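Below is one structure, written out as structure tokens; comments come after it.
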Amino acid sequence: MKLNKLSYKFLYFLIIAIFSQVSLLKNIHANNLDYMHGIAMHGDLKYPKDFKKFDYANENAFKGGKINRFSIGTFDNLNPYILKGVPAYQAGYLFETLMKSSFDEPFSQYGLIAEGVKVPPDRSWVAFKIRKEARFSDGSKVSAKDIKFSFETIMSKGHPTYKTYWGQVDRAEEISENEVKFYFKGEPNPELPLIIGYQLPIFSKKDWKGKDFSKTTLIPPLGSGPYLISDVKAGRSLTLKKNKNYWGNKLNVNVGRYNFDTIHYDYYRDETVALEAFKSGAYDFKQENSSKNWATAYKFGAVKEGKVKVEEIKYYRPSGMQGFAFNTRKTIFQNRNVRKALTYAFDFEWSNRNLFYNAYTRTKSFFDNSELASQNLPSKEELDILENYRGKIPDEVFTTIFSPPNTDEENGLRKNLRTARRILKKEGWIIKDDVLINKETGEIFEFEILLRSPLFERIVLPMKRNLKKLGINVSIRTVQDDSQYIRRLEDFDYDMIVVNYGSIISPGNEQKNYWGSASADQKASPNYTGVKNTVIDEIIDKLISAKSREELVTYTKVLDRILLFNYYLIPQFHIGHYRVAYWNKISKPEVSPKYDLGFDFWWFDPKKAKNLDVISSPISDEENKKDNTIYFLLLIFLLFILWKTKRKTS
């Protein structure tokens with residue numbers, strides 16, 4: 001049947017009318033949606049609309065006092081959202097976000113600057129209603145213009161990783177003076193409303209007028225947060241003072257939070273010096289990362305007297321992945337089997353016994369200590385996904401539970417190194433004059449391990465000796481200058497580094513930054529290993545767009561398996577608790593949050609502080625006298641030996 005011109009026009013206008021009607025219905029539906037007090041990634045919110053506080057908050061916490069803290073390294077910039085300079089991360093206290101996450105739910109948020117949030121069922125956009133009382137620290141009102149400005153500024157002038165992280169955000173739009181809407185593009189991404197809600201820092205458009213956001217600054221920027229910076233000594237110290245006019249003091253998400261009047265940070269270049277400073281009372285709280293220090297360094301007098309508390313606080317979040325990361329941008333690490341061979345050179349069991357006081361568990365997943373870990377054979381749902389990529393992913397993924405090489409059995413290390421030699425030989429690497437070389441090109445197998453702290457040298461040196469037995473020459477370079485180390489990471493100027501990929505209970509967009517092809521060549525991205533794998537890209541997209549918690553867990557396990565069997569790094573170890581030490585003048589809530597330490601809910605305790613006027617006590621003085629007596633007797637003994645030796649010679 002032929003259509004005349006009139007019929008074509010009729011069809012054209014009919015299609016236009018249909019699309020207009022659909023658009024109108026969408027707008028009507030959007031207008032009919034109510035603002036909610038919070039939003040969950042999957043499932044329902046734990047806390048109702050009229051909740052008074054989080055369960056782990058103490059509404060009777062003392063308000064006031066000072067806490068001294070420490071940081072390792074240096075800083076020259078108070079804008080932590082740009083690439084240039086070395087930021088003082090404490091400047092984050094100056095800024096608030098639209099929503100606030102709870103620490104006892106997998107991924108839920110409640111209103112902060114925004115009193116309400118609304119999303120359609122497909123989460124193709126999100127709208128926020130701004131609290132009328134929300135204020136910047138100069139008293140000016142937070143408006144939709146500021147929200148829009150903040151997003152556009154951080155995308156155009158902020159750190160490059162934001163462009164990947166928020167790449168699916170199409171635009172921000174002011175609906176009214178107190179309402180702002182974000183539109184999304186591409187595949188469905190139900191996480192986007194949440195990461196806009198709790199990770200977009202809000203800046204004042206008026207305050208930034210005429211200033212260059214991309215340049216470093218030591219002038220504190222204007223924010224809407226609970227603290228102001230009262231003193232700055234670049235690279236040395238930073239002091240935060242509670243803003244007495246902070247608009248959000250009485251919000252339910254802030255009850256029992258931000259209790260200290262003053263937070264002072266001193267910067268140290270060396271961990272050993274920082275530890276000694278803590279012992280002397282120079283600062284009040286330390287989270288310990290060294291198993292050696294934890295086992296041996298916290299037995300000083302103040303601990304015995306109860307003046308310093310030493311605790312292990314269990315957590316329920318994924319432990320993350322710490323490991324020796326291969327830079328696959330380097331030719332020698334582009335072969336998966338070569339990377340696999342090198343994993344046999346790390347003797348965790350020996351290190352745990354001799355270096356770590358058996359404090360650690362070997363890491364076998366990027367999501368250990370959680371339901372997300374792939375420490376079982378693939379389920380039917382996982383296999384259905386994996387089958388789509390057979391031939392493009394390692395065969396072990398289908399039939400094997402990942403387990404890094406161990407040395408539990410007799411001569412375990414020797415057997416592991418023999419296995420490594422067989423793999424390397426098969427890949428064209430042979431031993432010649434005790435040096436591993438490429439059979440075809442004659443290239444010597446050698447590389448550098450870049451470290452940030454001397455504390456890791458004792459962990460790396462045993463592996464260096466083991467690699468030497470394989471004919472591999474390894475050099476170790478420790479760069480304690482923060483700016484130099486950061487620049488090398490930003491430029492991917494390293495062969496191997498020690499990394500720690502933190503994990504959350506609800507993985508999402510951050511996986512694109514860690515493993516996505518788009519971030520591999522993006523300056524300063526956290527894709528330290530240089531992963532470029534289209535299968536991994538697809539799995540991450542599916543993970544992000546998961547419609548239920550069950551689907552998210554399935555895709556996370558699939559991603560975990562593929563990452564592990566590609567040997568992008570050599571897994572190290574983890575613990576399932578925080579190791580903290582603090583002078584007994586601060587207190588914490590009786591209930592600890594499941595997924596975070598929650599230090600912002602701790603407080604200064606005046607009653608306890610009275611007991612700490614004098615650090616030294618009669619008991620510790622007596623111990624010192626005993627030590628001095630022993631040293632004196634040893635000195636006398638040595639002098640006697642020298643005298644006898646000299647007399648005999650004469």
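Summary of values
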quantity	calculated
Cα-based equivalent ellipsoid of the stretch 399-542: semi-axis lengths in Å, sorted from largest, via gyration tensor	29, 21, 18
Total charge dipole magnitude, the chain, about the Cα centre, Cβ charges on Lys, Arg, Asp, Glu only, Debye to nearest 20	960
Nearby lysines by direct alpha-carbon distance to residue 49 (threshold 17 angstrom, same-chain neighbours under 8 apart not counted)	100, 118, 129, 250
List 346, 456, ordered by accessible area with a 1.4 Å probe, largest first	456, 346
Cα gyration tensor shape of the stretch 212-268, rounded if a/c is under 1.5, else prolate or oblate by comparing a/b with b/c	oblate
Ordering of 63-76, 422-435 by burial proxy (mean other Cβ atoms within 10 Å per residue, highest first)	63-76, 422-435
Reach of residue 523 by Cα under 23 Å, taken over lysines that are not fewer than 8 positions away in the same chain	84, 157, 163, 215, 330, 512, 532
Over 24 Å between alpha carbons, listed pairs 209/233; 304/610; 46/608; 309/607	209/233; 46/608
DSSP H segments from the chain that extend 20 Å or more along their own axis, Cα-based, with Kyte-Doolittle mean of 0.0 or above	5-32, 549-565
Whole-Hz ³J(HN,Hα) from phi, Karplus 6.51 cos²θ - 1.76 cosθ + 1.60, for the stretch 89-103, glycine and proline x	5, 5, 5, x, 5, 6, 10, 10, 10, 5, 10, 10, 7, 8, 9
Heavy-atom surface of the stretch 278-367, accessible at 1.4 Å and reported per residue (Å²)	38
Phi-based couplings in Hz for the stretch 74-86 (Karplus 6.51, -1.76, 1.60; Gly and Pro marked x)	7, 7, 9, 8, 9, 10, x, 10, 10, 7, 5, x, 10
Protection proxy ranking of 505-512, 557-564 - average other beta-carbon atoms within 10 Å, highest first	557-564, 505-512
Check: the stretch 121-276 dipole with +1 on Lys, Arg Cβ and -1 on Asp, Glu Cβ, in debye	540
Where 217, 400 fall by accessible area, highest first, once all protein chains stay in place (1.4 Å)	400, 217
Global form of the stretch 329-393, assessed from the alpha-carbon gyration tensor, a/c cut-off 1.5	oblate
Computed over the stretch 97-216: relative contact order in percent, which uses C-alpha pairs under 8 Å that are six or more apart	31
Accessible area of the chain belonging to carbon and sulfur atoms, whole % at 1.4 Å probe	52
Mean-position separation - Cα centroids, the stretch 524-546 and the stretch 79-113, in angstrom	24
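The values are calculated or read from the model by the stated rules, or taken from the named source; none is laboratory data. Quick caveat, the model's predicted, so the values are computed rather than measured. Neighbour counts are summed over all protein chains in view; Cβ atoms, including those assigned to glycine, are modelled from backbone coordinates with ideal geometry. In case anyone asks, the SASA skips ligands and DNA or RNA and just uses the protein heavy atoms, side chains included. Shrake-Rupley method; radii C 1.70, N 1.55, O 1.52, S 1.80 Å.
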